[in-house]
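The values are calculated or read from the model by the stated rules, or taken from the named source; none is laboratory data. What you are looking at is a predicted structure, and each value in this text was computed from that prediction instead of being measured. Because the Cβ atoms are built from the backbone with ideal geometry, glycine has one as well, and the counts that use them run over all protein chains shown. Note: areas computed on protein heavy atoms with side chains; ligands, DNA, RNA excluded. Shrake-Rupley method; radii C 1.70, N 1.55, O 1.52, S 1.80 Å.
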Amino acid sequence: MFSYIVKRLLWTIPTLFGVTLLVFSMVHLTPGDPAAAILGDKANKQSIADLRAQMGLDKPLYMQYFIYIKNLSHGDFGKSANSDEEVMTEFMDRFPATVELSMVAMFFAIILGIGAGIVSAVKRYSIFDYGSMFGALAGVSMPVFWLGLVLIYFFSVRLEWLPVSGRLGYQFDIDHITGLYLVDSLLTDNIPAFWDALKHLILPAIALGTIPMAIIARMTRSSMIEVMKEEYIKTARAKGCSRFQVIFIHALRNAMMPVVTIIGLMLGSLFAGAILTETTFSWPGIGKWLVNAVYQRDFPVIQSTTLIIAIIFIIVNFIVDLLYAFINPKIRLS
Amino acid sequence: MEQLFEFIKQYKKNKAAVAGFIVVVLLLLTAIFAPIVAPYSPDIQNLADRLIPPMWDAKGVSSHILGTDDFGRDLFSRIIFGSRISLMVGAISVGVSLSFGLVMGIVAAYFGGKTDLFIMRIVDIMLSIPAILLAIVIVSILGPSLFSAMTAIGIVGIPTYARIVRASVLAEREKEYVIASRINGSSNIRLMFAVILPNCASPIIVQATMGFASAVLEAAGLSFLGLGAQPPTPEWGAMLSDSLEFITTASWMIFYPGVAIFLTVLSFNLMGDGLMDVLDPKLKDK
């Protein structure tokens, strides 16, 4: 197992190197002068030259890359061209909002997805099976942002049950401890703020969780169907185990392996959804910030956000691989 | 010919896939004959007719079936013309992903060794960045436009095709017919593209169909973010983005472009599912 971990860890190095190279070359691939692009049409030659020097663009390319890597290794991700704030500080201000939304969405997706998958597998070819599998396919085909708009229309505009946008009502204030409003409000015993934060989360979480839910449901169904054919399920039945015991204790545990893997690997699609969901619901997270950075051609923000997210993504994939190898000895022994 | 009949017979067993195919054909016809099907030009503004609800609403008029937008443009006509853009985006993006992915996958698998390692490393790096993020990076380099969105979606799709092609070619590479052809003196190019590739077509066709669906979805997403098609292009995602501020006053503006995206993507997915059943049943349920 140890040699597998080391081997897998070594493999991440060229990937990380490649990502930094890609992110670094972004500025240089942009047509025209990046400094002029950042400063806009009204900039004079002197200010462009100053910014070029400040960004290190007047140095040879390999030197620029070297400096870039050196700065990164010191945790220096640069400053936002727009607000002049440290990118890392701004990132950390917004990151908890995206994490909270993604976690609640994933929770919703896992509970409903696994539930629908189990029922579909157990009641195969029933109306429920067809219904939930069509629902799963529809869920994958649904534009997240449109689903968000429809949810806002019905539940916020027509029924007025839930707030239209944002993370918290203006009348509430939460002490920032973790940055996750649900957690912080509970830690400070601020129950009214907790309910308000939860109400703000429901619609975006449903919108964001629908695609993962659809994928989990399909995966659980097919995995459960496979497992239910196994000899040990027949044995369990023959022993006189109840239907509940057979499904939840004998089958589900064994059927979960591919489902757990897919949940880990869905982080990427969850983030993609988060960018769109945050824009629809004006959710103050990373996605909305990134899109604004693209409008404003704020390259330091785009570069650093891409890099940080890619690193998180690589780490999560690494952990998922390890977990998978841990559960499945065939992988680590091969 | 017999194979084709057998294929159709098998495909017809999946009713949902047939429905998907019919919608795709209708969509294609709509896109081709858009100027005939659409009652108005998609760009003609008529401020006197702004924000008219659909015809079944009490305030609706029969001349504007799905109502009008904030510039008085006919929504039905804009959605009809939008089908052209979505199909074009799907075709071009899949074309870009497929052509590069195909060459990368086949070269990696055929030559193996360091070539394989190098190409698959590039693929791994591309896959280590979430697709939409990579697309946003590419759009921010090229500047927001429909062309940038198509290019970005095309590039982002390359690794998936490269992996699928590589896996299929690896399975075929050592088969007897390939060895026989090599002994007969076929060149590497001929072996790769004329001998091996046709036998790897099934998973590629399935992936291209599914890829078409996700390209349409991603393009709509980028346009919704303002990073793809720019106004006044009648692109479905951009239309939804415009409708955001009218969610309380003109709800019809948010429904129909979304229904169009949903139906298009769903139909291609259903078709892909049906093709998978027939061409590559082993892939099913993976």
> Of the residues that sit in region B:13-38 and are at pLDDT below 90 and surrounded by fewer than 12 Cβ atoms within 10 Å (Cβ to Cβ), which one is farthest from residue B:89 (Cα to Cα)?
Replying inline: B:13
>> Checking the condition within 9 Å of another protein chain (Cβ to nearest Cβ) and either more than 22 Å from residue B:148 (Cβ to Cβ) or basic (Lys, Arg) (or both), which residue from A:297, A:253 passes?
In response: A:297
> Pairs under 9 Å by beta carbon, first residue under 13 Å from residue B:219 (Cβ atoms) in region B:63-90, partner modelled with pLDDT under 90 and part of a helix (DSSP H, G or I), six or more apart or different chains?
Replying inline: none
> So which of A:20, A:98 is crowded, with 17+ Cβ neighbours inside 10 Å, within 14 Å of chain B (Cβ to nearest Cβ), in contact with an Asp or Glu (Cβ under 9 Å, 6 or more places away or on another chain) and touching a residue at least 40 places away in the same chain (Cβ under 8 Å)?
Replying inline: A:98
> Given the conditions (1) at pLDDT 90 or above; (2) away from chain A (no Cβ under 11 Å), which single one is not true for residue B:237?
Replying inline: (2)
>> Checking the structure you have, find out if any residue of region B:61-74 is open to solvent by 80 Å² or more (accessible area, probe 1.4 Å), out of contact with any Phe, Trp or Tyr (no Cβ under 7 Å at 6 or more places or on another chain) and over 21 Å from residue B:243 (Cβ atoms).
In response: yes
> So is residue A:172 away from chain B (no Cβ under 12 Å), hydrophobic (A, V, I, L, M, F, W, C) and assigned to a helix (DSSP H, G or I) or not?
Replying inline: no
>> For region B:96-136, give me the residue count where each residue is surrounded by 23 or more Cβ atoms within 10 Å (Cβ to Cβ), in contact (Cβ under 8 Å) with a residue 24 or more places away in the chain and within 14 Å of chain A (Cβ to nearest Cβ).
In response: 3
> Which of (1) within 13 Å of another protein chain (Cβ to nearest Cβ); (2) assigned to a helix (DSSP H, G or I); (3) modelled with pLDDT under 85; (4) open to solvent by 10 Å² or more (accessible area, probe 1.4 Å) is the odd one out, the single condition residue A:273 does not satisfy?
Replying inline: (4)
>> Which residue is farthest from residue B:247 (Cα to Cα), if the candidates are limited to region A:138-159 and must be within 11 Å of chain B (Cβ to nearest Cβ) and open to solvent by 40 Å² or more (accessible area, probe 1.4 Å)?
In response: A:140
> Is it true that residue A:93 is farther than 21 Å from residue A:271 by Cβ, among the charged types (D, E, K, R) and surrounded by fewer than 20 Cβ atoms within 10 Å (Cβ to Cβ)?
Replying inline: no
> Among (1) within 14 Å of chain B (Cβ to nearest Cβ); (2) open to solvent by 20 Å² or more (accessible area, probe 1.4 Å), where does residue A:108 come up short?
Replying inline: (1)
>> Just to confirm my filter: which helices (runs of 4 or more DSSP H) fall fully inside region A:23-106 and include at least 2 residues that are in contact with a Phe, Trp or Tyr (Cβ under 8 Å, 6 or more places away or on another chain)?
In response: A:34-39, A:61-73
> So which of B:201, B:167, B:149 is within 14 Å of chain A (Cβ to nearest Cβ) and either more than 18 Å from residue B:93 (Cα to Cα) or open to solvent by less than 10 Å² (accessible area, probe 1.4 Å) (or both)?
Replying inline: B:149
>> Criterion first (surrounded by 15 or more Cβ atoms within 10 Å (Cβ to Cβ), at positive phi, over 15 Å from the mean Cα position of the chain (by Cα) and among the basic types (Lys, Arg)) does residue A:297 satisfy it?
In response: yes
> So which helices (runs of 4 or more DSSP H) are wholly in region B:155-260 and hold at least 2 residues that are within 23 Å of residue B:124 (Cα to Cα)?
Replying inline: B:201-224
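One line per residue, one yes/no per condition, for (1) over 17 Å from residue A:211 (Cβ atoms); (2) among the hydroxyl-bearing types (Ser, Thr, Tyr); (3) free of Cβ contacts under 8 Å to residues at least 12 places away in the same chain:
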residue	(1), (2), (3)
A:246	yes, no, no
A:252	yes, no, no
A:273	no, no, no
A:284	yes, no, no
A:305	yes, yes, no
